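Asker: The structure's right below; bear with me while I get my questions together.
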Amino acid sequence: MLIALIGGIEGMLVYASRSKQRRARRQQLLMGTSTDHRTVVPLVDNYLKQKTARATRLQRFIARKLAALCRRVVQTRALDYLFLHLVRTAFNKRRDNVRNMKRRITLCL
């Protein structure tokens with residue numbers, strides 16, 4: 001009885017630790033903090049592989065270099081500032097459009 005109880009507790013501990021590892025791995029994958037830079041998404045990978053099957057050597061070379069450049073840019077703080085700038089610009093354009101509509105409505109009345 002005691003041996004079965006100890007075995008059950010050990011099994012629960014192993015299960016809990018593995019589920020915690022899986023949860024941490026999933027979070028790293030979703031947050032982009034994974035140390036594995038070659039994340040595999042089979043459905044998307046297979047689809048894109050079929051679509052690019054007839055690429056030339058030059059096209060593959062250019063794509064590889066562009067991807068390396070994008071990976072470097074993503075690892076910098078400049079990308080955060082770029083997205084912030086894009087969001088701010090979009091908000092400002094929207095706000096200006098709303099102000100112009102209000103002016104047009106008041107002028108028409």
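Asker: Looking for whichever is modelled with pLDDT under 85, loosely packed, with under 10 Cβ neighbours inside 10 Å, among the β-branched types (Val, Ile, Thr) and assigned to a loop (DSSP other than H, G, I, E, B) here; the options are Thr35, Thr106. Which one fits? Give the derivation first.
Answerer: Numbers: Thr106 fails: assigned to a loop (DSSP other than H, G, I, E, B).
Among Thr35, Thr106, only Thr35 is modelled with pLDDT under 85, loosely packed, with under 10 Cβ neighbours inside 10 Å, among the β-branched types (Val, Ile, Thr) and assigned to a loop (DSSP other than H, G, I, E, B).
Asker: Also, I was wondering about something else. Can you pull out the residues in region 39-83 that are aliphatic (A, V, I, L, M) and farther than 24 Å from Leu29 by Cα? Can you show your working first?
Answerer: Filtering region 39-83 down to residues aliphatic (A, V, I, L, M) leaves 40-41, 43-44, 48, 53, 55, 58, 62-63, 66-69, 73-74, 78-79, 82.
Of everything in region 39-83, those that are aliphatic (A, V, I, L, M) and farther than 24 Å from Leu29 by Cα turn out to be Ala53, Ala55, Leu58, Ile62.
The values are calculated or read from the model by the stated rules, or taken from the named source; none is laboratory data. Quick caveat, the model's predicted, so the values are computed rather than measured. Cβ sites come from the backbone with ideal geometry, for glycine too, and all protein chains shown count toward neighbours.
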